[in-house]
Amino acid sequence: MLSRRDFLQVGMATTAVYGSSGFGNFSKLAAQQKLKQEDLLEFDTYGNISLIHVTDIHGQLKPIYFREPEINLGVGSALGQVPHITGANFRKMYGINDGSPSHYALTHNDFSALAQQYGRVGGLDRVATVIKAIRADRPDAILLDGGDTWHGSYTCHHSQGQDMVNVMNALKTEAMTFHWEFTLGSDRVHEIIDTLPFPALGQNIFDAEWDEPADYFEPYTFFERGGSKIAVIGQAFPYMPIANPGWMFPEYSFGIRDENMQEMVNEVRGLGADLVVVLSHNGFDVDKKMASIVSGIDIILSGHTHDALPEPVLINETVIVASGSNGKFVSRVDLDVRNGKMMGFKHKLIPIFSDVIAPDPDIATLIDEERAPYKSQLSEVIGQSQSLLYRRGNFNGTWDDLICQAMIEEREADISMSPGVRWGPSILPGQDITREDIWNVTSMSYGKVYRTEMTGEFLHVILEDVADNLFNPDPYYQQGGDMVRIGGMGYRIDINKSQGSRISDLTLLKTGERIDPSKNYIVAGWASVNEGTEGPQIWDLVENYIRRNGSVKINPNNSVNVIGA
Amino acid sequence: MELTRRDTMAIGGAAALTAILPSLSSAAIPVNELIMGVTGGVDAASKGISLTAPEIAENGNTVPISIDAPGAVAITVMAAGNPRPAVATFNFGGGSASQSATTRIRLAGTQDVVAVAEMADGSFATAHQTVKVTIGGCGG
């Protein structure tokens with residue numbers, strides 16, 4: 001793919017920008033058992049500026065398995081466009097050979113078999129090695145963190161994000177934006193920001209009462225690098241109080257606020273910015289739309305929707321880079337900036353194959369220190385999985401199938417609901433499930449499992465509402481998660497219909513009967529955004545279920561009938 | 001209403017489900033009908049007025065909106081899906097430094113917010129935007 005796209009020429013309005021990007025032609029090397037660290041890091045330093053982008057790490061300090069989605073449907077103008085291309089079509093599009101490391105890293109097929117061959121991915125000690133190698137080429141490379149960093153693991157939960165803060169500080173992060181960080185509560189967020197050696201960015205983080213820019217966050221920051229002035233504007237997740245519990249951070253209002261983004265771009269240009277970078281937690285489709293509306297952004301480093309793309313996408317004159325999730329990838333973007341203009345770029349999405357990239361000893365030691373107080377808790381084996389457990393996919397994943405079944409059994413419910421989040425590593429068939437593994441897919445600050453009655457009509461309303469957050473043809477109305485996962489109930493969804501008419505044929509699986517709109521059903525679910533939710537924590541519930549079963553097996557889930565894909 | 005929906009969605013075991021459920025179909029007045037009601041049947045231009053509103057409301061009970069129509073003598077704001085669509089009319093005298101206003105409005109559910117400006121020469125300009133009022137999804 002590197003050869004095909006090398007010196008990919010991109011015509012821009014005012015000047016010819018030359019861009020190239022690559023994921024490397026590793027397949028031959030791997031076949032020869034020779035995939036080496038230097039192949040993954042190989043990069044001819046280009047231009048005068050380097051950006052390093054990591055995003056959506058979700059607390060993953062150690063190497064993990066992470067299966068990319070099989071089902072990631074686009075509607076409207078996103079139909080058939082990346083990131084809504086998966087599997088064999090994705091490999092064909094980027095010229096990735098079947099069975100190659102890129103196949104394993106970027107697509108879902110044959111995941112369990114390829115995982116045996118290529119091993120775990122990620123680990124911030126390996127990420128550190130990559131960052132240090134880039135800095136060896138370009139000492140003033142700028143490391144930018146797209147957020148969803150202080151969330152997602154046992155140690156992160158118990159240290160209230162401190163483990164991640166300590167490691168990211170040691171990596172010398174230079175700016176950051178936010179999403180799940182706010183679920184630590186605004187007091188804790190303020191407490192951490194007071195200690196950060198880098199700016200906390202978000203042009204769209206406003207004071208909820210006055211609807212004015214919030215004091216704790218800067219809209220942008222400047223770097224003087226390579227003889228150029230670089231502005232980095234932050235864009236936090238726009239729908240924080242809607243998708244996550246707003247009562248945990250009542251002082252803040254968010255939103256896309258693209259008018260204010262345009263003002264900020266104009267302001268930094270007025271202050272002499274030669275290059276304008278947006279560090280974004282919008283999600284990929286929202287970033288594409290924003291790039292078509294706001295003019296003057298050179299680079300969007302895109303996060304939130306967890307897409308890993310081996311080439312940037314260009315919208316007008318804006319280059320959008322998507323860097324994956326869970327510590328699995330690092331993006332390097334080299335830029336040639338002269339006379340206030342971006343003249344060209346070179347990009348590489350670097351997969352963190354943990355068996356190929358050596359851990360950085362200093363960061364490895366730091367990670368071990370952060371984990372040491374919790375070691376026996378983390379490593380306790382709760383059970384085994386006979387199946388591949390993964391989460392990503394628009395409608396269901398086997399991890400959520402397991403969680404939904406656990407809720408039905410442990411809370412004696414007819415129907416269960418699990419949030420359509422996109423974080424959480426995978427477990428291979430035959431692998432032990434440790435307490436750490438359970439926390440990796442469940443930990444959050446609002447994890448209690450409620451049990452309540454809902455009418456059939458209300459269940460329908462919920463499905464319609466969440467489906468519109470995913471399949472509204474206007475990306476600005478999408479929230480970037482997947483469909484709520486349902487246990488005990490099947491349904492039919494036509495993704496191309498409008499809200500109110502997408503969902504039909506709701507069926508109670510245990511009886512095969514249609515859901516009656518006026519009848520009440522017992523529903524269990526977790527991750528409620530409401531204050532005062534009562535019930536056991538989801539990780540304790542799932543642990544009890546797995547412990548009771550010893551070995552878990554997930555049967556294929558055919559309960560969602562998707563139309564229009 | 002949407003607050004009730006949110007409350008209902010995620011109740012912990014104790015709360016009772018007494019909320020009035022939103023209908024799956026909306027009974028909103030067509031946007032064009034609302035515009036014509038203000039202009040008296042005269043077509044309104046789509047330029048000369050800007051309406052700023054969130055795409056998805058963080059709280060449907062208090063949705064911040066701004067309108068700006070340079071040269072307007074009056075701007076009327078309507079919520080097409082509310083039981084009573086008329087929200088406010090702002091009148092601007094000759095001494096107004098700008099013809100803009102910011103306020104917060106209550107929305108009964110997902111609907112179009114419509115603004116119509118009457119210009120000094122008797123012409124009209126209009127803008128509208130859908131504001132979603134949602135139960136809340138599951139952010140990635």
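Scan the range A:196-222 residue by residue and report those that are buried (at least 18 other Cβ atoms within 10 Å of the Cβ) and over 14 Å from A:Ala236 (Cβ atoms).
Result: A:Thr221, single match.
Has the range B:107-116 got any residue that is under 28 Å from A:Gln479 (Cα atoms), of a type in the set (A, V, I, L, M, F, W, C), within 14 Å of another protein chain (Cβ to nearest Cβ) and part of a loop (DSSP other than H, G, I, E, B)?
Yes - at least one qualifying residue is present in the range B:107-116.
Filtering the range A:509-539 down to residues that are surrounded by 15 or more Cβ atoms within 10 Å (Cβ to Cβ) and away from chain B (no Cβ under 14 Å), which residue is nearest to A:Asn440 (Cα to Cα)?
Here the residue is A:Trp539.
Filter the range A:479-493 down to residues that are within 14 Å of A:His460 (Cβ to Cβ) and more than 10 Å from chain B (Cβ to nearest Cβ) and give me whichever is surrounded by the most Cβ atoms within 10 Å (Cβ to Cβ).
A:Ile486
Find the residue count for the range A:174-190, including only residues that are closer than 23 Å to A:Ala372 by Cβ and not basic (Lys, Arg).
Residues flagged as closer than 23 Å to A:Ala372 by Cβ and not basic (Lys, Arg) within the range A:174-190 amount to 1.
Return the only residue of B:Ser96, B:Ser100 being modelled with pLDDT under 95 and within 14 Å of B:Ala117 (Cβ to Cβ).
On inspection, the qualifying residue turns out to be B:Ser96.
For (1) out of contact with any helix residue (DSSP H, G or I) (no Cβ under 6 Å at 6 or more places or on another chain); (2) crowded, with 21+ Cβ neighbours inside 10 Å, each residue gets a yes or a no:
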{"site": "A:Glu317", "(1), (2)": "yes, no"}
{"site": "A:Ser323", "(1), (2)": "yes, yes"}
{"site": "A:Ser331", "(1), (2)": "yes, yes"}
{"site": "A:Arg338", "(1), (2)": "yes, no"}
{"site": "A:Lys341", "(1), (2)": "yes, no"}
{"site": "A:Gly344", "(1), (2)": "yes, yes"}
{"site": "A:His347", "(1), (2)": "yes, yes"}
{"site": "A:Ala364", "(1), (2)": "no, no"}
{"site": "A:Ala372", "(1), (2)": "yes, no"}
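Quick one: count up the residues across the range A:185-206 that are farther than 16 Å from A:Met248 by Cβ and not aliphatic (A, V, I, L, M).
The number of residues fulfilling the criteria is 9.
Looking at (1) within 22 Å of A:Met454 (Cα to Cα); (2) more than 9 Å from chain B (Cβ to nearest Cβ); (3) out of contact with any His (no Cβ under 8 Å at 6 or more places or on another chain), which is the only condition A:Leu506 fails?
The failed condition is (3).
I'd like to check something: does the range A:43-58 contain any residue that is more than 17 Å from the chain's Cα centre (by Cα), small (Gly, Ala, Ser) and either closer than 28 Å to A:Leu143 by Cβ or outside the structural domain of A:Thr177 (by TED's automatic domain parsing) (or both)?
yes
Could you name every one of the strands (runs of 3 or more DSSP E) located completely within the range A:260-339 that has at least 3 residues being within 14 Å of chain B (Cβ to nearest Cβ) and under 13 Å from the mean Cα position of the chain (by Cα)?
The strands (runs of 3 or more DSSP E) meeting that bar number zero.
Tell me, which residue of the range B:94-106 that is polar (S, T, N, Q) and away from every other protein chain (no Cβ under 14 Å) is surrounded by the fewest Cβ atoms within 10 Å (Cβ to Cβ)?
Among them, the one singled out is B:Ser98.
Is there a residue being modelled with pLDDT of 90 or more, under 27 Å from the mean Cα position of the chain (by Cα), within 30 Å of A:Asp432 (Cβ to Cβ) and outside any loop (DSSP other than H, G, I, E, B) anywhere in the range A:89-98?
no
Being assigned to a loop (DSSP other than H, G, I, E, B) and either modelled with pLDDT of 95 or more or buried (at least 23 other Cβ atoms within 10 Å of the Cβ) (or both) is the requirement here; does A:Ser504 meet it?
When the stated conditions are applied, A:Ser504 does not pass them.
I'd like to verify a number: residues in the range A:358-417 that are under 18 Å from A:Ser112 (Cβ atoms), outside any helix (DSSP H, G or I) and of a type in the set (Asp, Glu), how many?
Number satisfying all stated conditions: 0.
Can you tell me which residues in the range A:544-556 are at pLDDT 95 or above and either within 25 Å of the chain's Cα centre (by Cα) or part of a loop (DSSP other than H, G, I, E, B) (or both)?
A:Gly550, A:Lys553, A:Ile554
Condition check: surrounded by fewer than 20 Cβ atoms within 10 Å (Cβ to Cβ), touching a residue at least 60 places away in the same chain (Cβ under 8 Å) and more than 8 Å from chain B (Cβ to nearest Cβ). Does A:Pro429 satisfy that?
Criteria met by A:Pro429.
Among the residues of the range A:361-374, is there at least one that is charged (D, E, K, R) and over 24 Å from A:His157 (Cα atoms)?
No: zero hits.
Given the conditions (1) touching a His at 6+ places or on another chain (Cβ under 9 Å); (2) of a type in the set (Val, Ile, Thr); (3) closer than 30 Å to A:Gly430 by Cβ, and given that A:Val333 satisfies all but one, which numbered condition is not satisfied?
(3)
Report yes if some residue within the range A:113-124 is exposed (fewer than 15 other Cβ atoms within 10 Å of the Cβ), touching a residue at least 24 places away in the same chain (Cβ under 8 Å) and over 25 Å from A:Asp39 (Cα atoms); otherwise report no.
no
Which of the residues belonging to the range A:309-330 are of a type outside the set (Gly, Ala, Ser) and under 11 Å from A:Gly122 (Cα atoms)?
Matches in the range A:309-330: A:Asn326, A:Lys328, A:Phe329, A:Val330.
Find all pairs meeting these conditions: Cβ atoms under 6 angstrom apart; at least six residues apart or on different chains; first residue within the range A:526-553 and at positive phi; second residue among the aliphatic types (A, V, I, L, M) and outside any helix (DSSP H, G or I).
Sorted first by the residue in the range A:526-553, then by its partner, the pairs are A:Gly535/A:Val449.
Looking at the structure I just gave you, is A:Ile462 touching a residue at least 24 places away in the same chain (Cβ under 8 Å), within 13 Å of chain B (Cβ to nearest Cβ), part of a helix (DSSP H, G or I) and in contact with a helix residue (DSSP H, G or I) (Cβ under 8 Å, 6 or more places away or on another chain)?
Taking the combined requirement at face value, the residue satisfies it.
Could you grab me the full set of residues in the range B:117-140 that are surrounded by fewer than 20 Cβ atoms within 10 Å (Cβ to Cβ) and not in a strand (DSSP E or B)?
B:Ala120, B:Asp121, B:Gly122, B:Ser123, listed by residue number.
Test A:Gly550 against the stated conditions and say whether it is of a type in the set (Gly, Ala, Ser) and closer than 30 Å to A:Gln81 by Cα.
Judged against the criteria, A:Gly550 is not a match.
Would you say A:Tyr446 is out of contact with any Gly (no Cβ under 7 Å at 6 or more places or on another chain), closer than 21 Å to B:Val131 by Cα and not charged (D, E, K, R)?
Here the answer is no, as A:Tyr446 does not meet what is asked.
Give the range A:444-457 a look and list any residue that's facing chain B (nearest Cβ under 10 Å) and either more than 28 Å from A:Ile493 (Cβ to Cβ) or surrounded by fewer than 22 Cβ atoms within 10 Å (Cβ to Cβ) (or both), or say none.
A:Tyr446, A:Lys448, A:Arg451, A:Glu453, A:Thr455, A:Glu457
Check A:Val441 against each of (1) at pLDDT 95 or above; (2) within 12 Å of another protein chain (Cβ to nearest Cβ) and name the one condition it does not meet.
Just one mismatch for A:Val441, condition (2).
Is it the case, given these coordinates, that A:Thr452 is under 26 Å from A:Glu410 (Cβ atoms), outside the structural domain of A:Pro83 (by TED's automatic domain parsing) and in a strand (DSSP E or B)?
yes
The values are calculated or read from the model by the stated rules, or taken from the named source; none is laboratory data. Just so we're clear, the structure is a prediction, and the values are computed from it rather than from any experiment. All Cβ positions, glycine included, derive from the backbone under ideal geometry; neighbour counts span all protein chains shown.
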